[in-house]
Every structure is written in structure tokens, then in C-alpha cells.
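What follows draws every value from the coordinates through simple rules; no lab data is involved. Because the structure is a prediction, the values reported are computed rather than measured. As a convention, Cβ positions derive from the backbone with ideal geometry for all residues, glycine included, and neighbour counts pool all protein chains shown.
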Amino acid sequence: MALIRTRFAPSPTGQMHIGNLRTAVYAYALAKHNSGQFILRIEDTDQKRYDPQGIADIKNNLTTFGLNWDELYIQSERKKAGIYQQTAEKLVSDGHAFYCRCPAKNVKQAGYSTILRDPCRDRGLTSGAVKLRVPDNQQISYHDFVLDKVVSWDTNTVYEATLLKSDGFPTYHLAAMTDDLLMQISHILRGHDWMPSTPIHLLVLDYLGNRRPEIGHLTDILSSKGGKLSKRRDSVFCEAFLELGYLPEALLNFVILLGWAPKDNQELFTLEEFVRKFDPSGFQKANPLFSDTKLNWLNGYYIRQKTDTQLIQLVKPFVKQDVTDTKLAQITPLIKDRLVKLSDFPSLTGLFFSPPDLDKNLFDQPDLAIEHLTLATEHLSSSPWTKEAIETGLMAGIKSHGWKVGDFFMSLRVAVCGSRATPPLTETMLVLGQSESLTRIRNAINFLGQLG
């Protein structure tokens with residue numbers, strides 16, 4: 001079997017989005033499953049949209065997700081070496097491309113026209129932008145290894161695309177295909193939005209006289225709001241998800257399942273497991289739906305796989321107060337099962353740092369709640385401050401009064417925590433301490449007394 005070489009070829013024009021990450025991890029898995037090589041190629045020839053920080057961001061993102069590359073290439077450096085100029089000139093000399101001087105609104109647009117067959121193609125020009133010469137009355141096709149079908153075009157419907165602009169910069173059509181051949185890329189994975197350009201790329205590959213790489217177009221990711229996932233209306237950038245407290249392993253697992261599925265319906269994958277089980281037949285033909293619910297479930301799962309020590313370090317960037325590791329070690333285990341993302345930590349733990357605002361609507365029976373809290377105050381004022389002593393004494397008091405256990409502890413929970421859904425109550429009071437717990441209970445008694 002020939003060596004599998006795949007590439008991830010982003011443009012440094014902004015943050016990496018979910019679709020980029022999906023393409024990268026699929027290309028990585030395809031190569032590594034077959035003991036092949038994963039190539040990172042920075043396509044930075046679009047000077048208008050170039051972001052100086054972009055290359056560093058791409059490298060950092062791939063490293064964060066464990067997608068380590070075997071080789072790195074930067075197209076602007078290859079452009080300086082004249083690689084794309086030489087390829088364009090070869091296509092012209094072989095009769096597969098021509099120079100074009102179609103008028104444009106500005107110099108950078110020179111060589112663009114809006115008709116399928118360019119008026120410059122038979123003028124014999126010797127300078128200008130270089131455009132692809134598309135043959136008439138032919139069929140061009142390829143087998144898409146993701147879609148698992150043959151896709152064909154009539155060349156009479158294919159326009160003569162610009163390959164090299166008049167300023168000497170290559171377009172994607174020339175640079176990407178040139179590099180795919182020179183870098184001996186065996187498989188190209190890319191988004192479905194590149195499908196309309198595929199006949200152009202097939203012609204360039206064929207004209208350059210080398211073996212075509214296999215090409216596969218991934219499905220579109222759909223938004224829960226309808227239509228394709230959109231940068232303008234949806235959360236799509238990987239860094240934004242990480243800043244919200246989604247774990248890299250959860251986000252990667254989520255992306256893996258956006259367009260690929262194993263035969264055994266496994267849902268939880270480390271990168272190593274995905275590489276081991278990867279099979280191109282698992283690519284799905286239907287467009288996947290971006291589900292926040294699924295992402296949140298995965299993130300919660302991976303949070304709960306962390307040790308308490310690991311989780312303390314992960315939540316630290318989201319802690320608003322100046323808190324010691326000792327205090328975090330007390331609090332974190334109490335809310336671990338309720339964390340969906342790390343940024344939930346402040347809202348789940350605020351009660352440990354300041355008394356809650358009391359809401360009368362949270363007390364079902366205010367008069368009975370006063371009785372509950374009065375008994376709690378009497379017991380907790382003299383009880384040893386341990387879980388067993390607190391709970392044993394409270395249960396004895398509940399039993400002697402004939403109260404319902406759930407009603408009693410709900411009154412106490414709301415008084416201490418200000419909510420009906422909280423971390424474990426006794427453990428919360430142990431963290432708060434005896435003095436603070438009693439202060440909150442007495443404040444609740446006063447609050448309820450004023451309602452009458």
C-alpha cells in the first residue's frame with residue numbers, strides 16, 4: 001500500500017472554527033491509522049485577509065488538540081521561491097493556460113472576467129494574469145471517497161479560472177494543486193463548499209501530468225437555527241469554546257462525530273482511540289446537526305473524568321475571588337457533578353463566598369419553615385461540626401416533631417444556599433463553617449418573620 005499523506009491547509013485569516021478542526025482531525029486520523037504522514041500547509045497567499053498572528057494561532061490550536069504535524073510548509077515562502085510562477089508558465093507553454101489582460105476596476109483584479117470562455121484565450125498574449133484553458137465538449141469526473149460516488153461535469157459549464165494573478169500571487173486553484181502534487185499528498189479532505197471548484201482542480205492536476213490524489217468532500221454542518229453553521233449567527237470558533245470552559249478532549253470528541261460514525265455506535269473517543277478505529281466507510285452522507293446538548297453532555301462527561309486535583313487547576317481561570325487551593329479543594333468536589341462547562345463554576349459556587357438573596361417564593365410554607373429553622377438553629381448551635389453529628393441530631397428532631405424529611409431539609413437548604421437546587425447540604429455547611437451557617441439560618445428566620 002502506498003504511503004498515505006494527508007494535509008491540513010488552513011489560511012491564517014482568523015480563528016480556527018469547528019469545520020476547520022473537523023477537517024484536521026479527519027485528515028490526521030486517515031494518515032495515522034495507516035501509519036502515514038500528516039502535513040500542515042499554511043496557505044497565506046491571500047494578502048488582503050492575512051492575519052499576522054494567524055500562523056501562531058493555527059499551530060497553537062492544533063497542538064491543543066494533539067494534532068501534531070510531520071511536516072510544515074508555508075505557501076508565501078514557496079511563492080518567493082518561484083514555485084507557482086514556474087508551474088503557471090509550464091501550463092502556458094503546454095497550451096493548458098493563457099495570459100489574460102481583461103480590464104478590471106483595479107490592478108489587483110486584472111485577469112478576471114465574467115464569462116466562461118475568456119476573450120483573451122486565443123490572443124496569444126505574453127504577459128498578464130494566467131488563466132486555465134478549459135477544453136470544450138468533454139466530461140471530467142472523479143470518485144469522491146467520502147461521498148462514495150462518481151461526480152462528473154461537462155466542461156462546457158466550467159469557467160476559465162485565474163491561476164496566477166497579475167501581481168504574481170497564485171490563486172488557491174494553482175497553489176493548492178501544485179503543492180498537493182509536489183508534496184505527494186495521497187488524499188485531500190475538504191469542505192463541501194469546494195465542490196464547485198473541483199473540475200478546475202481536476203484539470204490542473206491532469207495538466208500537470210501527475211497522479212491525482214484521492215478527493216473527498218465532507219458534509220456541511222447544520223445549525224440548530226436552520227441552514228448551514230454560520231460564523232455570523234452561530235458560535236463556531238474553537239478558541240471561543242475553550243474560553244467558555246469546554247475541554248479540548250470534549251470538543252474534539254464532539255467534532256469527530258459531526259460527520260463520521262463507527263459501526264458499533266461508540267460515542268466516546270480519545271484521539272488515540274479514534275485513530276485506531278478510523279474507517280473512511282464511516283463518513284456519513286447526511287449533513288450533521290450541531291447540537292449544543294450533545295456537546296454539553298460530552299463536556300460534562302470529560303469534566304467528571306478529571307481528578308479533583310486536575311479540576312481545581314482547570315477552574316482557577318474562572319474563579320472571580322481570591323481563593324486558596326485549600327478552599328477550592330473543599331468546594332470543587334461538591335459541584336463537580338453539576339458542572340457542564342468550566343465557566344459554570346462561579347454561578348454554582350457563589351453561595352460559598354457571599355450570603356444568598358432570599359426569595360419568599362422558595363419557601364412553600366413560611367410558618368412551618370420558621371419552625372424547621374428554629375429547630376435547626378438549636379441543634380447546630382451545640383452540635384459537633386461533623387457530618388455525622390449534624391445529620392444525626394437533625395434527623396432526631398425531625399422524627400420527634402413528625403415532620404416530613406424532605407420538607408425540613410428544603411427549608412434548611414433555601415435558608416443556607418438561597419436555592420432549591422444546590423450542592424449537598426451538609427457538606428456545604430461544613431465548608432461554610434458553623435458560624436456562617438447559623439448566621440444564614442437566623443437571617444432566614446428574621447426574613448420569614450417579617451413576611452407575617
Exercise for the section: Inverting the mean 1/r over all pairs of different Cα atoms, compute the Kirkwood radius of region 308-352 and quote it in Å. Expected result: 10.3 Å
Practice task
Please give, to one decimal in nm, the separation of the simple spin-label points placed at Lys225 and Asp70, each 7 Å out from Cα toward the Cβ.
Solution key: 4.1 nm
Practice task
With a cut-off of at most 14 other beta carbons within 10 Å, and DSSP calling the residue loop, which trypsin sites (Lys or Arg not before Pro) in region 306-390 qualify? Please list them.
Solution key: Lys320
Practice task
For a quick protection proxy, order the peptides 94-101, 16-23 by their average other-Cβ count within 10 Å, most packed first.
Solution key: 16-23, 94-101
Completion exercise
Here the percent of antiparallel bridges among DSSP beta bridges lying wholly in region 127-236, to the nearest 5, is 60 percent
Completion exercise
Relative to the chain, whose Cα atoms define the longest principal axis, helix 198-207 and its Cα axis are tilted in degrees, nearest 10, by 40 degrees
Completion exercise
So the FRET efficiency between Ser343 and Ser127, C-beta based with R0 = 56 Å and rounded to 0.05, is 0.50
Problem - Burial order of peptide ranges 47-53, 197-203, 187-193, 366-372 (average beta-carbon count within 10 Å, highest first) - result: 197-203, 187-193, 366-372, 47-53
Exercise for the section: Give me the angle, in degrees from 0 to 90, between the Cα long axis of helix 292-304 and the longest principal axis of the Cα atoms of the chain, rounded to the nearest 10. Expected result: 60 degrees
Practice task
Express the Stokes-Einstein translational diffusion coefficient of region 192-238 in µm² s⁻¹, to the nearest whole number, given a Kirkwood radius over alpha-carbon pairs, 10 °C and a viscosity of 1.306 mPa s.
Solution key: 121 µm²/s
Handout entry: Gain upon complete extension [Met195, Glu436; 0.36 nm per residue less C-alpha separation]
Key = 80.3 nm
Handout entry: Net lengthening on full extension, Asp279/Phe318 (0.36 nm per residue, minus Cα-Cα)
Key = 10.2 nm
Exercise for the section: In square nanometres and to one decimal, what's the mean projected area of the convex hull around the Cα atoms of the chain? Expected result: 29.1 nm²
Exercise for the section: Taking the chain as the reference, fit the longest principal axis to its C-alpha atoms, fit the long axis of helix 325-335 to the helix C-alpha atoms, and give the angle between the two in degrees, 0 to 90, nearest 10. Expected result: 90 degrees
Practice task
Return the FRET efficiency for the residue pair Asp46, Thr309: r is the Cβ-Cβ distance, R0 is 60 Å, and the value is rounded to the nearest 0.05.
Solution key: 0.85
Practice task
For region 360-451, state the semi-axes of the equivalent ellipsoid (square roots of 5 times the eigenvalues of the alpha-carbon gyration tensor), sorted largest first and rounded to whole angstrom.
Solution key: 18, 15, 12
Problem - All Cα pairs of region 1-65, percent lying beyond 18 Å - result: 37 percent
Practice task
With a cut-off of at most 12 other beta carbons within 10 Å, and DSSP calling the residue loop, which GluC sites (Glu not before Pro) in region 1-108 qualify? Please list them.
Solution key: none
Completion exercise
Pairs over 20 Å Cα to Cα, from Lys80/Lys165; Lys149/Lys294; Lys79/Lys131, come to Lys149/Lys294
